[in-house]
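Report on the structure given below.
The values are calculated or read from the model by the stated rules, or taken from the named source; none is laboratory data. All values reported here derive from a predicted model rather than from experimental measurement. Cβ placement follows ideal geometry from the backbone for every residue including glycine, while neighbour counts extend to all protein chains displayed.
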Amino acid sequence: MNASHMGLLVGVVAFGLHFVLSILWLRVRVARPAPVLRHIISAIICHTIAVLAFCINDLHFAYWSAFAVFGFLAIAWLFAFSAVYKSVSLRILTQLHTAGEVGLSFATITDDYVEPEFANRIAVLLRMGLVVEHAEGYSISVSGKRFARRWRWVQRICGIARSGLYTPDRVQSEIHLR
């Protein structure tokens, strides 16, 4: 087997280790480290172990091929996991499936899924200091305005500032930055 093919094998082996370790570690119900950080730590550990194992056994391989294969698979796995982990739609769908023919009312879905998700997001914004809580509700802080301006700039650069979910007809209210 030539060095390029061996590099592909190293990348696939490293990813296989990462997949198994991350699945096992994600099943452990602890608050820390966060699931995405577990993915990163698992990826670093498994990549290092696989590369060292092949090096110790004096197997010659193309490192960058191994890294490219591993990196692609690890990122694809992280995206797939993230889509399922945070998907409110999938949680609603599984709850509707569990409810059977009876189904769920709009109010139940809103109360059980939508409202808690938005409450969690507001809590994050408060912890980050991007919004301020008042008796009447919330307002954007000075650092929140700076962050929102930067984010709008990134959206414009990426061509998403006025597309998809960000079009005026799909957004009921918009933050006006000065």
**Report entry** The lone exception for Thr94 - which of (1) surrounded by 15 or more Cβ atoms within 10 Å (Cβ to Cβ); (2) part of a helix (DSSP H, G or I) it fails
**Finding:** (1)
**Report entry** Positions within region 97-141 being touching a strand residue (DSSP E or B) at 6+ places or on another chain (Cβ under 8 Å) and part of a loop (DSSP other than H, G, I, E, B), in sequence order
**Finding:** Leu130, Ser141
Requested in this report: Identify, by number, the condition in (1) out of contact with any Phe, Trp or Tyr (no Cβ under 9 Å at 6 or more places or on another chain); (2) closer than 25 Å to Phe19 by Cα; (3) of a type in the set (A, V, I, L, M) that Ala74 doesn't meet.
Outcome: (1)
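Every residue, every condition in (1) modelled with pLDDT of 95 or more; (2) surrounded by 15 or more Cβ atoms within 10 Å (Cβ to Cβ); (3) out of contact with any strand residue (DSSP E or B) (no Cβ under 9 Å at 6 or more places or on another chain), yes or no:
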{"site": "Gly7", "(1), (2), (3)": "no, yes, yes"}
{"site": "Gly16", "(1), (2), (3)": "yes, no, yes"}
{"site": "Ser22", "(1), (2), (3)": "no, yes, yes"}
{"site": "Arg27", "(1), (2), (3)": "no, no, yes"}
{"site": "Leu37", "(1), (2), (3)": "no, no, yes"}
{"site": "Ile56", "(1), (2), (3)": "no, no, yes"}
Report summary line: With criteria (1) in contact (Cβ under 8 Å) with a residue 60 or more places away in the chain; (2) touching a Gly at 6+ places or on another chain (Cβ under 6 Å), Val131 comes up short on (1)
